[in-house]
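I have placed the structure first, in the form of structure tokens, so that the comments after it can refer back to it.
The values are calculated or read from the model by the stated rules, or taken from the named source; none is laboratory data. These numbers come from a predicted model, not from an experiment. Backbone-built Cβ (ideal geometry, glycine too); neighbour counts: all protein chains shown. SASA here: full protein model, heavy atoms, side chains in, ligands and nucleic acids out. Shrake-Rupley method; radii C 1.70, N 1.55, O 1.52, S 1.80 Å.
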Amino acid sequence: MTHSSNKYFVLVVAAVFLSACSITKKYERPTTLSTDKLFRDQASADSTTIANMPWQSVFKDEKLNALIQKGLDNNLNLKNAIENIIQAQASLRQSKLAYYPTLQLDANATRNKQSEAGLNFPPGININTLTTTYKLGLSTSWEADIWGKLSSSKRAALASYLATDAAKQAVQTQLISDIANNYFLLLAYDKQLKITQETLESRIENVETIKALKEGAIVNGAAVVQSEANKYAAEVLIPDLKQSIRETENTINILLGQAPGPIDRGVLGTQSIPENIAIGLPSQLLQNRPDVRQAEFDFRVAFESTNLARTYFYPSLTLTASGGFSNLELKDFFTNSIFYSIIGGLTQPIFNQGLNKMRLTTAQSQQLQAYNNFQQSLLTAGQEVSNALYAYQMAVDKQDSREKQIEALAKAVDYTQQLLEYSSATNYTDVLTSEQNLLAAQLSGINDNLQKLQAVVDLYRALGGGWK
């Protein structure tokens, strides 16, 4: 290569590097993405949020915390999410290695034989046509990242890795939520079973009381039959509650990554929740919600893929070099047998511009889809926060009224039973109605408490708590 051609080559490479900055774009979060009014009817300016609390502080039940920790250690979905991170780490390391040149070792011995008939030598001359060539060499190749192709690939691999890490965090927050919700559901079933069994015992005694009243001619045979039916109405609830308890235990065991079995647990009445249910700012979902962060990282992957697609329109600069030893005689292998070559060049595809355009169009479309998914994840997060917060507020609003309802119905049962036993001012239908209403209110009261506890769990997850 002459001096003038060297100079020209340097100028071309310099121009390439100077123009590279205009080929790929730097990622910035889209300004069209808004977090305003994500929390319905909430306009808090306080950045305090329960999402920043560790789950050990949110849940006070030691038995529940032990189950959550066991789930974090053994849950199979979480283990798979961790394996996804390992795979993404390997891809990230591979993208970094693309910056370095490749190096190959070539060692071989080649034996060639040519027929004497194919050689134009005078007759009678003995020619040895069997030759062996020994060769040992190294070759290397390196592509200069002049258009940002390798940089875009590396950034895409990094975003993909961060997306898998965020996905693992999302699995963890959902796992904590599922264990806690099913745990509270199990406690609610326990409480409902206990109340139903106590009611059944009371109604069994009531049947005997009604029989005695019939013998005293205070009530008729219809009241006896009604009391027995009332007893069976409570009795028939018990198998369903026991089945629900068994199935909920099995669900928790699956979350813990173990075979079905009993679950060590506390009681519903001792459960407590954080006193301050702080939700923070909607914009904090971008940092706290793992699935929202995953969606943004996926969008960044698509963004860098679009950058990569743009680089295919421009030539690539590749430097290759090779060298080593080659000789016909093994004894003289390292003497007078050195060879080497160095090649540098720009490669520009000519007939695949259609392919490049389709590649770019596809990447841009996928980037738009990723942006839509990002926006959708943010809207969904806002919806879940709003729903959980409202469910909590409604459970609190019902609490006082439900307590008064149960208290009034308990008095109604006592009054009607006394009136039935000591006077003719009422009939057994009034007793039956008040008893049925009392049991229904008691079971509903347990559901109200469950709604309150589960709303806090759902709100904690919706805000992005549980992975920090």
Q.
Given the criterion touching a Ser or Thr at 6+ places or on another chain (Cβ under 8 Å) and either polar (S, T, N, Q) or open to solvent by less than 70 Å² (accessible area, probe 1.4 Å) (or both), identify the matching residue among Ala223, Ala229, Ala212, Ala234.
A. Ala234
Q.
So for region 181-195 (the condition being at pLDDT 95 or above, buried (at least 21 other Cβ atoms within 10 Å of the Cβ), more than 19 Å from Val58 (Cα to Cα) and among the polar types (S, T, N, Q)), does at least one residue qualify?
A. yes
(Q) For region 168-223, give me each residue that is touching a residue at least 60 places away in the same chain (Cβ under 8 Å) and not in a helix (DSSP H, G or I). (A) Ile218, Val219
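Out of all the residues in region 248-268, which are within 23 Å of Ala440 (Cβ to Cβ) and more than 25 Å from the chain's Cα centre (by Cα)?
Val267, Leu268
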Q.
Looking at Leu64, Leu38 in this structure, which one is of a type outside the set (S, T, N, Q), open to solvent by less than 70 Å² (accessible area, probe 1.4 Å), at pLDDT 90 or above and not in a strand (DSSP E or B)?
A. Leu64
(Q) Quick check on region 248-262: of everything there that is more than 22 Å from Lys452 (Cα to Cα) and not polar (S, T, N, Q), which residue is surrounded by the most Cβ atoms within 10 Å (Cβ to Cβ)? (A) Leu255
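Residues checked against (1) open to solvent by less than 70 Å² (accessible area, probe 1.4 Å); (2) acidic (Asp, Glu); (3) touching a Phe, Trp or Tyr at 6+ places or on another chain (Cβ under 7 Å):
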| position | (1), (2), (3) |
| --- | --- |
| Thr380 | yes, no, no |
| Glu384 | yes, yes, no |
| Ala395 | yes, no, no |
| Leu409 | yes, no, no |
| Tyr422 | no, no, no |
| Tyr428 | yes, no, no |
| Gly445 | yes, no, no |
| Asn449 | yes, no, no |
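Does Ser152 meet the test of being at pLDDT below 90, open to solvent by less than 40 Å² (accessible area, probe 1.4 Å) and of a type in the set (Gly, Ala, Ser)?
Yes, satisfied.
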**Q.** In region 1-33, the residues that are at pLDDT below 85 and either closer than 25 Å to Lys468 by Cα or open to solvent by 80 Å² or more (accessible area, probe 1.4 Å) (or both)
**A.** Met1, Thr2, His3, Ser4, Lys7, Tyr8, Val10, Leu11, Phe17, Leu18, Cys21, Ser22
**Q.** Lone qualifier among Pro274, Pro239 - being within 28 Å of the chain's Cα centre (by Cα) and either farther than 18 Å from Leu186 by Cβ or part of a helix (DSSP H, G or I) (or both)
**A.** Pro274
**Q.** Test: residue in region 246-253 that is aliphatic (A, V, I, L, M) and either on the phi > 0 side of the Ramachandran plot or in contact with a helix residue (DSSP H, G or I) (Cβ under 6 Å, 6 or more places away or on another chain) (or both)
**A.** yes
**Q.** Any chance Pro101 is touching a strand residue (DSSP E or B) at 6+ places or on another chain (Cβ under 7 Å), open to solvent by 60 Å² or more (accessible area, probe 1.4 Å) and either over 30 Å from Ile273 (Cβ atoms) or modelled with pLDDT of 70 or more (or both)
**A.** yes
Q. For region 343-352, does any single residue satisfy the condition of being assigned to a helix (DSSP H, G or I), modelled with pLDDT under 95 and of a type in the set (Gly, Ala, Ser)?
A. no
Q | region 289-299, residues that are out of contact with any Leu (no Cβ under 6 Å at 6 or more places or on another chain) and either part of a helix (DSSP H, G or I) or under 16 Å from Ala159 (Cα atoms) (or both) | A | Pro290, Asp291, Arg293, Gln294, Ala295, Glu296, Asp298, Phe299
Q) Taking region 400-431 as the search range and keeping residues that are farther than 18 Å from Asn206 by Cβ and of a type in the set (A, V, I, L, M, F, W, C), which one is modelled with the lowest pLDDT? A) Ala425
Q. Quick one: what pairs do we get from region 266-294, first residue at negative phi, second among the basic types (Lys, Arg) and open to solvent by 40 Å² or more (accessible area, probe 1.4 Å), C-beta under 7 Å, 6+ apart or different chains?
A. Gly266/Lys63; Leu268/Lys191; Ser272/Lys60
Q. For Ile82, all conditions in the list (1) closer than 26 Å to Ala295 by Cα; (2) in contact with a Lys or Arg (Cβ under 7 Å, 6 or more places away or on another chain); (3) open to solvent by 80 Å² or more (accessible area, probe 1.4 Å) hold save one; what is the number of the exception?
A. (3)
